[in-house]
Structures are given as structure tokens and as C-alpha cells.
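Enquirer: Handing you a structure now.
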Amino acid sequence: MLRIPTVAVAGCVVLGLSAPAAMATGDADLIAAVNPETAKPGETVILTLRNCEDPSGGGLAEGALIGGETTARSPIGITPLELDATGEYPPGTLVGIATITEDAKRGTTERIYFACYSNQKKVVEATVTIAP
């Protein structure tokens with residue numbers, strides 16, 4: 001299973017936000033988004049990742065480890081991303097559905113990290129605001 005390397009996650013930089021979904025990029029080529037950009041604990045969000053070298057291989061999104069001798073993550077758990085089969089998104093877009101964890105801290109902006117299986121060293125992040 002792909003795990004986004006901690007070193008790569010630490011090196012991510014948010015470069016921008018765009019409505020209606022929070023979008024960010026840590027690499028000039030990859031674009032990640034979370035929709036809706038504000039969600040409550042227990043709410044479902046749609047995750048998208050565009051511009052993978054080989055999108056047919058899929059990808060992964062995950063929140064940060066919450067610590068305390070657990071492998072739990074917040075604001076989302078480990079979520080597979082698969083090639084969009086609906087035609088709703090641009091060709092080659094990877095899509096996943098995640099639920100905001102119940103322990104996500106309300107009123108904060110949390111990072112979600114994304115990577116393509118075709119190049120696991122390129123990690124990009126997007127944010128989601130946890131509704132108060």
C-alpha cells in the first residue's frame with residue numbers, strides 16, 4: 001500500500017485556493033482539490049487529483065497522523081483515488097470519497113495530502129476547513 005512519505009509531506013507548500021473547492025499544489029503539475037471546502041465532522045467530501053504521469057494507476061489521499069500511539073489520521077483516513085469513470089471531471093482526473101473524521105477539530109483548517117501511484121515522491125496538499 002502506498003503511504004505518502006513523511007519527508008515529502010513536510011516539504012509541501014500550499015500555493016493557492018480556489019472556489020468552490022479548496023485547491024492547492026505542491027508541484028507545478030499536480031492539482032489537488034477537496035469539495036466542499038468546508039465540512040463538518042462526519043460529512044463526506046470529494047477528493048480530486050489531476051495531472052498524474054499515469055493516472056490509470058490511481059493514487060492516494062490521507063490526513064496527518066494524530067499521534068498518541070495510534071495510526072489514526074485526521075481530517076480523513078487513507079483514501080484510494082481512482083480514475084474518474086463518470087466523465088464529470090477532466091480526462092485523467094483521480095477521484096476519491098472520504099468522510100471527515102469525528103475527531104477533526106472544529107473551526108480549524110486541516111491539510112490533506114495527495115500522491116499518484118505513478119510518482120509517489122510528488123506529494124501535493126489541499127485544505128479543508130472543519131465547520132465550527
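Enquirer: Would you mind stating whether Glu53 is more than 17 Å from Pro36 (Cα to Cα), open to solvent by 80 Å² or more (accessible area, probe 1.4 Å) and among the acidic types (Asp, Glu)?
Expert: So Glu53 passes the test.
Enquirer: If Thr70 satisfies all but one of (1) touching a strand residue (DSSP E or B) at 6+ places or on another chain (Cβ under 7 Å); (2) open to solvent by 50 Å² or more (accessible area, probe 1.4 Å); (3) modelled with pLDDT of 55 or more, what's the number of the condition it fails?
Expert: (1)
Enquirer: Keeping to region 84-118, report how many residues are under 21 Å from Asp29 (Cα atoms) and open to solvent by less than 40 Å² (accessible area, probe 1.4 Å).
Expert: Number satisfying all stated conditions: 11.
Enquirer: So Gly87 clears everything in (1) more than 16 Å from Arg111 (Cβ to Cβ); (2) at pLDDT 95 or above except one condition, right? Which one?
Expert: Of everything listed in (1) more than 16 Å from Arg111 (Cβ to Cβ); (2) at pLDDT 95 or above, Gly87 misses just condition (2).
Enquirer: Something else: Kindly indicate whether Pro80 is part of a strand (DSSP E or B), open to solvent by 60 Å² or more (accessible area, probe 1.4 Å) and modelled with pLDDT of 90 or more.
Expert: Numbers: part of a strand (DSSP E or B): yes; open to solvent by 60 Å² or more (accessible area, probe 1.4 Å): yes; modelled with pLDDT of 90 or more: yes.
Spelling it out, Pro80 is indeed part of a strand (DSSP E or B), open to solvent by 60 Å² or more (accessible area, probe 1.4 Å) and modelled with pLDDT of 90 or more.
The values are calculated or read from the model by the stated rules, or taken from the named source; none is laboratory data. Everything numeric here is computed off the predicted structure, so don't read it as measured data. Neighbour counts are summed over all protein chains in view; Cβ atoms, including those assigned to glycine, are modelled from backbone coordinates with ideal geometry. Side chains included, ligands, DNA and RNA excluded: accessible areas come from the protein's heavy atoms. Shrake-Rupley method; radii C 1.70, N 1.55, O 1.52, S 1.80 Å.
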